[in-house]
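J.: Below are the structure tokens for one structure; questions will follow.
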Amino acid sequence: MNSQVPEMSKQQASAVGQPFTRNDDACHDLSIRVRDLNLWYGKAQALNGLNIDLYQKNVTALIGPSGCGKSTFLRCLNRMNDLIPSVRIEGLVEMDGRDVNAAKMDEVALRRRVGMVFQKPNPFPKSIFENVAYAPRMHDIVSRKGEQEELVEKALRDAGLWNEVKDKLHEPGTSLSGGQQQRLCIARAIAVQPDVILMDEPTSALDPISTATIEDLMDKLKKQFTIITVTHNMQQAARVADYTAFFHLGEIIEYNDTKTLFSNPATKKAEDYITGRYG
Amino acid sequence: MSDSYDQISQQLKSRHRKSTRLKYMSMGALALAGAFLLIFFADMLSKGLPAFKQAMINIEINYTEDAASNGRAAVDQDLSTIISRSVVRVIPLEMRNDPSLLGTTVQRWVLASANVDQYLKGNPVRGLDDEEKARIDRLVEDGRVEMQFNAGFFSRGDSKMPELAGIMSAVVGTVMTMIVTLGIAFPIGVMTAVYLEEFAPDNKLTQLIEININNLAAIPSILFGLLGLAIFINFFGVPRSTPLVGGMTLALMTLPVIIISTRTALRSVPESIRHAAFGVGCSRWQVVKDHVLPLAMPGIMTGSIIGLAQAMGETAPLIIVGMVAFIPDVTASFTQAATVMPAQVFTWSGEPSRAFVEKTAGGIIVLLAVLISLNAAAVLLRKKFERRW
């Protein structure tokens with residue numbers, strides 16, 4: 001994958017106005033490569049020729065005004081858009097050298113490697129234990145009861161929830177507070193040991209304290225996972241993201257490391273959005 | 001210029017009047033419906049409750065030589081006209097089965113004839129003359145004639161003798177028919193709904209199927225009977241009048257109800273649960289089996305029970321497949337002739353004898369009791385498994 005880097009630098013130099021690679025010097029491994037991605041809902045085009053490289057073990061934030069396609073793009077990465085019948089997708093989404101949208105790519109296998117956390121906490125209406133243990137058991141990652149318990153504890157610890165729920169693992173997941181439910185959903189996602197975790201505005205339904213907890217968590221989790229998060233909150237992007245992509249009307253206007261994008265945006269649109277002139 | 005406060009309250013007055021009027025009209029409608037229900041129940045209970053009591057006579061039975069051929073010889077001649085014919089009819093049979101009875105005398109409570117029963121219940125009776133009435137009155141004073149709980153009504157099958165007629169064969173027939181109905185309609189209905197709701201693409205064909213299913217629920221039930229006759233009996237040769245063919249016919253009728261209620265239940269499962277399940281890598285079938293169906297199950301069960309209750313009260317299609325029949329013996333298998341409760345009520349309502357009026361009402365009470373308990377079970381199930389998410 002490192003072999004891609006020089007080629008990308010070349011493209012970056014030529015593709016003015018549509019930069020899709022980072023321009024810092026640090027060397028990160030490529031996780032997901034997107035080329036010329038177009039998406040239509042029926043006749044309306046929602047994504048317009050996207051090109052972007054997403055790097056491993058980093059937090060990448062996708063920002064932009066409402067309806068700019070950032071959530072739609074996020075759902076392309078684990079093919080959740082398949083659930084919407086009118087969607088048509090063209091272009092390349094490549095993970096580990098494999099085309100995600102290829103006919104022979106099983107979306108179940110893909111989603112095993114690309115976990116997702118949704119906007120509204122949506123734990124299964126089962127016990128806290130079952131919420132975490134269900135997916136690993138389904139994927140045959142664990143079978144024995146003892147292994148399950150170990151894995152549930154590890155996932156809940158990684159999600160920073162263990163101390164709060166260790167005495168009530170068999171109470172329903174829906175009995176937790178909103179912030180705890182969201183961390184339970186994160187535990188559920190990391191329990192299957194994915195490579196990538198997609199987060200679709202994970203804190204928009206939460207209070208500021210729960211939000212801060214989740215942000216701390218993202219910072220810890222990026223040591224193990226590639227995190228791609230959609231956010232409406234620019235302060236949040238500035239706080240947690242290593243890289244930030246600015247979306248507008250289905251296009252990626254600017255993609256850079258977060259510090260550069262926020263302090264020295266290259267495009268007028270990004271600057272206007274970041275300074276709060278619209279959005 | 002905006003309206004002054006007085007102008008606004010002027011308008012409001014008429015609006016308030018309208019809403020008050022509407023409120024009283026709704027209350028009136030409710031009261032009317034309640035009154036009808038009350039009248040219905042009162043009438044049915046007053047007619048039907050006597051069916052659960054039956055006049056019994058305490059008589060002496062002499063198992064003599066003569067009685068072995070003619071049962072009438074075993075009882076007092078004065079009483080032979082006021083006890084049920086069924087009593088004297090079984091005496092020779094009893095003696096043949098148990099020869100040691102010969103020469104013994106037994107004092108026993110036996111069924112009184114329907115005329116005595118009706119006379120004691122205060123209904124007009126034609127078959128008794130004044131002398132017999134006087135004799136009955138004396139026997140009542142002596143405590144030899146009594147109204148007792150009519151256990152036979154629940155343990156015996158149909159009979160042409162009203163005092164002997166019971167609802168048991170119809171109850172068993174209903175249970176067996178419902179087993180067949182549910183056994184066919186529940187799995188097929190639920191799987192159909194799951195396919196349509198969770199798997200099928202939304203195109204012209206599935207829309208057509210959906211419209212047809214909705215229409216099927218509104219088809220007059222007698223047409224399902226004709227379909228059952230034409231296909232199950234005439235084409236496939238399923239024996240007529242049996243719980244099997246009755247259950248299959250009613251399954252056709254219940255199917256759309258189960259499909260529609262299952263689809264509603266599936267639709268009420270929030271999309272976020274499906275997203276969560278897909279998000280952790282469930283296949284479509286795992287999403288349905290592990291997450292959607294368990295959540296929808298209370299709704300599916302409620303719908304199925306209501307569909308079943310509807311099928312249980314159905315008579316018209318069963319007339320066509322021959323289940324409205326005189327069935328004195330309790331049915332033992334799915335391929336023997338049987339009848340069901342509403343059909344039994346229908347049969348009794350057509351009997352000329354006065355004593356069958358209370359049997360009819362009694363049958364209705366039993367049927368309604370079963371239906372109300374089924375509906376109550378549906379409500380309880382829903383309450384018990386209702387989940388918030």
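J.: Restricting to the range B:270-288, count the residues that are within 17 Å of B:Thr192 (Cα to Cα) and surrounded by 22 or more Cβ atoms within 10 Å (Cβ to Cβ).
T.: 1
J.: With over 30 Å from A:Lys43 (Cα atoms) and among the hydrophobic types (A, V, I, L, M, F, W, C) as the only criterion, which of A:Ile190, A:Ile89 stands out? Break it down stepwise before answering.
T.: Values: A:Ile89 fails: over 30 Å from A:Lys43 (Cα atoms).
From the options A:Ile190, A:Ile89, the qualifying one is A:Ile190.
J.: On to the next question. Before we move on, is B:Arg354 among the basic types (Lys, Arg) and either under 25 Å from B:Gly228 (Cβ atoms) or in contact with a Pro (Cβ under 6 Å, 6 or more places away or on another chain) (or both)?
T.: When the stated conditions are applied, B:Arg354 does not pass them.
J.: Another one. Say we look at the range B:346-359 and pick out the residues that are in a helix (DSSP H, G or I), in contact with a helix residue (DSSP H, G or I) (Cβ under 6 Å, 6 or more places away or on another chain) and touching a residue at least 40 places away in the same chain (Cβ under 8 Å); which of these is surrounded by the most Cβ atoms within 10 Å (Cβ to Cβ)?
T.: B:Lys359
J.: Could I ask something else about it? Name the one entry in B:Val292, B:Val280, B:Val287 that is within 12 Å of another protein chain (Cβ to nearest Cβ) and without any contact (Cβ under 8 Å) to a residue 60 or more places away in the chain.
T.: B:Val280 is the lone residue from the list that is within 12 Å of another protein chain (Cβ to nearest Cβ) and without any contact (Cβ under 8 Å) to a residue 60 or more places away in the chain.
J.: All but one of (1) away from every other protein chain (no Cβ under 14 Å); (2) free of Cβ contacts under 8 Å to residues at least 60 places away in the same chain; (3) more than 20 Å from B:Thr192 (Cβ to Cβ) hold for B:Thr264, so report the exception by its number.
T.: Going through (1) away from every other protein chain (no Cβ under 14 Å); (2) free of Cβ contacts under 8 Å to residues at least 60 places away in the same chain; (3) more than 20 Å from B:Thr192 (Cβ to Cβ) one by one, B:Thr264 breaks only (3).
J.: Run down A:Ile228, A:Ile274, A:Ile253 and say which single residue is buried (at least 20 other Cβ atoms within 10 Å of the Cβ) and within 23 Å of A:Gly115 (Cβ to Cβ).
T.: Matching residue, one of A:Ile228, A:Ile274, A:Ile253: A:Ile228.
J.: On the basis of being within 14 Å of chain A (Cβ to nearest Cβ) and modelled with pLDDT of 90 or more, does B:Gln336 make the cut?
T.: Spelling it out, it is not the case that B:Gln336 is within 14 Å of chain A (Cβ to nearest Cβ) and modelled with pLDDT of 90 or more.
J.: Does the range A:117-124 include one or more residues that are hydrophobic (A, V, I, L, M, F, W, C), within 18 Å of A:Leu249 (Cα to Cα) and either in contact with a strand residue (DSSP E or B) (Cβ under 8 Å, 6 or more places away or on another chain) or at the interface with another protein chain (Cβ under 9 Å from one of its Cβ atoms) (or both)?
T.: no
The values are calculated or read from the model by the stated rules, or taken from the named source; none is laboratory data. Computed from a prediction, not measured in an experiment: that's the story for all the values here. Virtual Cβ from ideal backbone geometry, glycine too; neighbours counted across all protein chains shown.
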